[in-house]
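The values are calculated or read from the model by the stated rules, or taken from the named source; none is laboratory data. All figures in this text were calculated on a predicted structure; none of them were measured in a lab. So basically every Cβ, Gly included, is an ideal-geometry build from the backbone, and we count neighbours across all protein chains shown.
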């Protein structure tokens with residue numbers, strides 16, 4: 001008789017306590033409940049989450065809301081200056097702030113790979129809880145799923161955020177005007193290079209750490225001030241250059257920035273020179289650009305410099321009425337047309 005195929009029965013329910021994620025943690029049964037009760041709920045506790053319902057019922061004054069969503073697949077899960085949990089909260093909070101909204105509520109969905117250490121999950125959830133407390137948001141709903149070992153790279157996080165718009169002014173690319181001054185809040189490129197160094201085991205003479213941070217303080221100060229603020233953009237994937245190109249295209253105006261005004265740390269500058277990378281295209285997770293009417297630019301700078309995360313803010317360029325895209329005035333006096341980032345020089349950075 002021909003050989004019979006081998007029959008393997010895989011049971012997702014472990015026979016004894018375990019310190020790693022099992023498939024049974026995602027089946028909706030007792031293991032799922034254990035995970036929620038022991039790891040998730042205690043760290044995100046608030047009245048809406050405690051209802052344990054399929055949806056959260058939220059109350060906000062007025063009806064002007066901002067809504068965003070994002071997913072985080074960074075590798076490694078923990079890196080110098082942050083981790084995937086902190087990144088998920090800060091990234092979603094910052095996206096709401098860029099729309100002129102004060103973040104209020106987040107959702108959190110965890111897609112875990114079988115075999116993920118419970119200790120790692122606990123560290124990540126603790127980090128998310130601390131970041132949520134710092135930024136004044138509540139994580140009010142979410143979901144957990146477990147995928148087979150080899151199909152999830154440890155942990156993915158999806159978040160959605162709701163914020164309360166705190167200004168009648170439209171903070172958006174369509175509001176950019178000729179004559180606007182472009183303010184950069186901090187030095188660029190630290191997150192992208194820190195992730196690459198950690199992933200590839202690289203070390204540099206100068207210490208390198210991600211700029212992963214919430215922008216609540218400086219952005220709230222700008223929104224509360226009586227200044228003509230037109231647009232905000234955080235510089236994540238694609239870096240400063242890609243953001244400038246996108247905003248020039250959307251607004252239909254010309255953007256010109258000075259290379260000598262763009263702050264780059266010694267660690268990032270040296271690392272980029274060694275690796276042949278352009279810091280203008282490296283990801284950031286704690287800096288942004290603001291487009292402000294020229295008459296209010298100095299006031300905006302004073303407000304930003306009062307916060308540690310934006311203490312080195314400076315004007316890097318301005319907007320013209322020519323439809324000329326985004327251009328860089330180089331340190332040697334030439335002009336360089338900026339383009340969108342091509343390819344994937346550094347994937348999985350957020």
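Quick notes on this one:
- Test: residue in region 158-172 that is at pLDDT 95 or above and over 20 Å from the mean Cα position of the chain (by Cα): no
- With respect to the conditions (1) in contact (Cβ under 8 Å) with a residue 60 or more places away in the chain; (2) within 30 Å of residue 220 (Cβ to Cβ), residue 305 falls short on a single one, namely (1).
- Among (1) over 30 Å from residue 269 (Cβ atoms); (2) assigned by TED's automatic domain parsing to the domain that holds residue 81; (3) modelled with pLDDT of 95 or more, the one test that residue 178 misses: (2)
- Across region 310-329, not a single residue is classified as surrounded by 12 or more Cβ atoms within 10 Å (Cβ to Cβ), at pLDDT below 95, touching a strand residue (DSSP E or B) at 6+ places or on another chain (Cβ under 9 Å) and more than 22 Å from residue 177 (Cβ to Cβ).
- Considering region 203-230, and only residues there that are within 18 Å of the chain's Cα centre (by Cα) and more than 30 Å from residue 274 (Cβ to Cβ), the residue that is surrounded by the most Cβ atoms within 10 Å (Cβ to Cβ) turns out to be 219.
- Of the residues screened, residue 190 is one that is assigned by TED's automatic domain parsing to the domain that holds residue 209 and closer than 27 Å to residue 223 by Cβ.
- Sole residue being part of a helix (DSSP H, G or I), at pLDDT 95 or above and out of contact with any helix residue (DSSP H, G or I) (no Cβ under 9 Å at 6 or more places or on another chain), chosen from 243, 295, 263, 300: 295
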